[in-house]
Amino acid sequence: MKKLFVVFLVGILFSVVINKQQACAQNVRDGIYDKENIPGKRPIPYRDVREADVMWKKKIWQIIDTREKMNHPFYYPLVDMDDRRSLISLIIYGINNEGLTAYKDDEFKEIMTRDEVYAEFDALADTQQVVNPETGFLESRVIEGELRYDEVYQYELKEIWYFDKVHSTMRVRTIAICPIRRYMDQETGQIRKVQTFWVYFPELRPLLARQEVFNRGNDAQRISFDDIFMQRRFNSFIVRESNVYDNRSVTQYMQGINRLLEAEKIKRELFEQEHDLWEF
């Protein structure tokens with residue numbers, strides 16, 4: 001009888017300790033207030049544009065290189081931490097949990113499955129024969145692949161630049177975004193760079209609006225990824241413009257320093273176009 005009483009008493013003490021630990025864990029807050037600004041934010045709606053309002057437009061493809069200091073918020077953190085994550089981590093989260101659609105090209109003709117996206121990163125689960133240390137026999141075991149976010153250091157944007165005659169301004173509308181993976185090919189030992197998949201940018205915007213970005217100057221005044229894109233708070237360079245030659249990229253007809261000069265030439269033509277429309 002005494003043993004049963006002791007066991008019962010120990011059980012009660014154990015449950016009290018567990019409940020106290022859970023209560024303490026619930027009361028722990030890494031901060032001094034609950035954040036509500038960014039997590040509950042919605043993307044600012046696009047302006048209505050009619051065909052008759054557009055005097056001029058051109059499709060432009062640009063590259064965001066996250067190795068540049070200004071673009072570091074797209075790349076870091078490499079591992080999700082606190083309330084921050086990298087852009088590729090956010091996109092993969094959207095594909096896995098928010099129904100975000102991935103496409104094989106920037107014209108959205110073919111949809112990619114989740115496994116096809118992971119295959120682009122060589123991160124598919126693989127079944128391998130391993131030795132069971134207890135029995136000594138071979139058995140099949142599923143080995144989960146590792147999706148390395150640090151391999152994505154560039155993003156390609158597909159944009160439309162247009163002149164709105166109603167507001168007399170040159171505007172930019174981002175249509176699609178593509179993470180670019182840079183990795184070492186294990187078979188050849190060479191560095192490869194590939195486009196992984198495309199995402200329709202307006203579909204991605206609600207997710208971008210709810211994810212805050214690190215602010216070097218003030219942790220209390222952070223903005224969202226959507227703010228960065230809409231306010232153009234990044235540096236990029238042009239790699240392609242719409243043209244009669246199947247929208248070929250600059251690299252197909254220019255090499256070396258001439259590629260950068262051609263990109264600057266296209267950028268200069270965009271601003272000159274706006275100036276000419278204002279002039280006349």
Original post:
Counting residues that are surrounded by fewer than 16 Cβ atoms within 10 Å (Cβ to Cβ), which helices (runs of 4 or more DSSP H) fully inside the range 35-128 reach at least 2?
Top reply: 87-97, 114-120
Original post:
When the range 151-170 is examined, which residues are found to be within 24 Å of Leu87 (Cα to Cα) and either crowded, with 20+ Cβ neighbours inside 10 Å or not hydrophobic (A, V, I, L, M, F, W, C) (or both)?
Top reply: Glu151, Val152, Tyr153, Gln154, Tyr155, Glu156, Leu157, Lys158, Glu159
Original post:
What are the residues in the range 77-89 that are under 23 Å from Trp198 (Cβ atoms) and of a type outside the set (A, V, I, L, M, F, W, C), if any?
Top reply: Arg85, Ser86, Ser89
Subject >> Any chance Thr251 is in contact with a helix residue (DSSP H, G or I) (Cβ under 7 Å, 6 or more places away or on another chain), surrounded by fewer than 12 Cβ atoms within 10 Å (Cβ to Cβ) and either part of a helix (DSSP H, G or I) or not charged (D, E, K, R) (or both) >> reply: yes
Original post:
What about Arg210, is it under 18 Å from the mean Cα position of the chain (by Cα) and at pLDDT below 95?
Top reply: yes
Subject >> Residue list for the range 157-202, filter: part of a strand (DSSP E or B) and of a type in the set (D, E, K, R) >> reply: Lys158, Glu159, Asp164, Arg171, Arg173, Arg181, Arg182, Arg192, Lys193
**OP:** Report the residue count in the range 61-90 for those that are under 15 Å from Arg232 (Cα atoms), modelled with pLDDT under 95 and touching a strand residue (DSSP E or B) at 6+ places or on another chain (Cβ under 6 Å).
**Re:** 1
**OP:** Tell me, yes or no, whether the range 208-225 has at least one residue that is surrounded by 12 or more Cβ atoms within 10 Å (Cβ to Cβ), in contact (Cβ under 8 Å) with a residue 40 or more places away in the chain, assigned to a helix (DSSP H, G or I) and not aliphatic (A, V, I, L, M).
**Re:** yes
Original post:
When Ile257 is evaluated against the numbered criteria (1) more than 30 Å from Pro39 (Cβ to Cβ); (2) surrounded by 10 or more Cβ atoms within 10 Å (Cβ to Cβ), which criterion, by number, is the only one it fails?
Top reply: (2)
Original post:
Restricting the search to the range 185-199, which residues are at pLDDT below 90 and under 23 Å from Asp115 (Cβ atoms)?
Top reply: Asp185, Gln186, Glu187
Original post:
What pairs can you find where one residue is in the range 242-260 and over 19 Å from Lys57 (Cβ atoms), the other is assigned to a loop (DSSP other than H, G, I, E, B) and at pLDDT 90 or above, and their Cβ atoms are less than 9 Å apart, with a gap of 6+ or different chains?
Top reply: Gln252/Tyr245; Tyr253/Tyr245
Subject >> Boolean, Arg232 is farther than 21 Å from Leu157 by Cα, charged (D, E, K, R) and either modelled with pLDDT of 90 or more or in a loop (DSSP other than H, G, I, E, B) (or both) >> reply: no
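The values are calculated or read from the model by the stated rules, or taken from the named source; none is laboratory data. Every value quoted in this text rests on a predicted model; they were computed, and no experiment measured them. A quick note on method: Cβ atoms are made from the backbone with ideal geometry, for glycine too, and the neighbour counts reach across all protein chains shown.
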